[in-house]
Amino acid sequence: RKEVEQDPGPFNVPEGATVAFNCTYSNSASQSFFWYRQDCRKEPKLLMSVYSSGNEDGRFTAQLNRASQYISLLIRDSKLSDSATYLCVVRRTGGGNKLTFGTGTQLKVEL
Amino acid sequence: EPEVTQTPSHQVTQMGQEVILRCVPISNHLYFYWYRQILGQKVEFLVSFYNNEISEKSEIFDDQFSVERPDGSNFTLKIRSTKLEDSAMYFCASSEVGGRATDTQYFGPGTRLTVL
């Protein structure tokens, strides 16, 4: 089983739509959780960290369910500029702060 | 806003040659990392470095790879004898130390390595 699993997509949605991405992780020792955004051939950029029961940042809401080892990202009122690949990332307890990335979910927002 | 920088942006080399990829982490950061991403695949951890030594390394980071902080600002990744399968985008990242600050890793724009 992959350590971090995501639906690769692509998700094609119209502007203004609400879209949700899901992610599961297999290592129960995972401690910290993140959503990164990656544009084509660019570096990953931190979108939001997900701690305890989750958090909201503007149009973006992230949820964490430790019991189910499940993380989600909700994007409301999607915009053309939201088109990117969204990476689910986990960091486990201990070690050298290694981040483990999912393969990413591709989002295309269309007119 | 402070950022991680990397040079060169693109490096082309012949199989068997040595390459050095350079990174300048954010100035007050003390934890440094290298990741790689083969085209079309996920981002993979290579190594983390703190207090002038490797904190953790992955299975990918074999004897062909080494890292160094030669001075107070640079952080380098050396591949001694490149293979075709080393062709990838190599990202440097850095973070602060302590609690949640350590969690947030900032990535550089990457060096695209092409091995012919």
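The values are calculated or read from the model by the stated rules, or taken from the named source; none is laboratory data. The structure presented is a predicted model; accordingly, all values stated were derived computationally and were not measured. Ideal geometry is used to build each Cβ from the backbone, glycine not excepted, and the neighbour counts take in all protein chains shown. Please note that ligands, DNA and RNA were not included when accessible areas were found on the heavy atoms of the full protein model with its side chains. Shrake-Rupley method; radii C 1.70, N 1.55, O 1.52, S 1.80 Å.
For the interface of chains A and B, what total accessible area is buried with a 1.4 Å probe, rounded to the nearest 100 Å²? Counting protein atoms only, the buried area is about 1800 Å².
Annotation: per residue accessible area for chain B equals 50 Å², rounded to a whole number [probe 1.4 Å, protein chains only].
Report, to one decimal in Å, the Kirkwood hydrodynamic radius for chain B based on all distinct Cα pairs. About 14.2 Å, per the Kirkwood formula over Cα pairs. Could you tell me which of rounded, prolate or oblate describes chain A, using a ≥ b ≥ c as the square roots of the eigenvalues of the alpha-carbon gyration tensor, with rounded for a/c under 1.5 and, failing that, prolate when a/b is larger than b/c and oblate otherwise? Note, shape of chain A comes out prolate. Rolling a 1.4 Å probe across the protein heavy atoms gives chain A an accessible surface of 47 Å² per residue. Shown for the stretch A:3-111: the carbon plus sulfur share of the solvent-accessible area, taken with all protein chains present and a 1.4 angstrom probe, equals 47%. Counting Cβ atoms of other protein chains within 10 Å of each Cβ in B:40-48 and taking the mean gives 5. Heavy-atom surface analysis with a 1.4 Å probe gives the stretch B:8-116 a carbon and sulfur content of 46 percent of its accessible area.
Across peptide B:103-114, the average count of Cβ atoms from other chains found within 10 Å of a residue's Cβ is 4. Overall shape of the protein assembly as shown was characterised from the C-alpha gyration tensor. The equivalent ellipsoid obtained from it has semi-axes of 30, 20, 16 Å, in decreasing order. Applying 1/(1 + (r/R0)^6) with R0 = 25 Å to the Cβ-Cβ distance of B:Glu53 and A:Asn27 gives a FRET efficiency near 0.50. Other protein chain C-beta atoms within 10 Å of residue C-beta, averaged over A:27-37: 1. A straight chain from B:Gln17 to B:Glu85 at 0.36 nm per residue would run longer than the Cα-Cα distance by 23.2 nm. Are any of the pairs A:Lys79/B:Lys78; A:Lys108/B:Lys83; A:Lys42/A:Lys98; A:Lys79/B:Lys57 more than 32 Å apart by Cα-Cα distance, and if so, which? Pairs exceeding the cut-off: A:Lys79/B:Lys78; A:Lys108/B:Lys83; A:Lys79/B:Lys57. Rg and Dmax of the stretch B:8-55, based on Cα coordinates, read 13.2, 36 Å.
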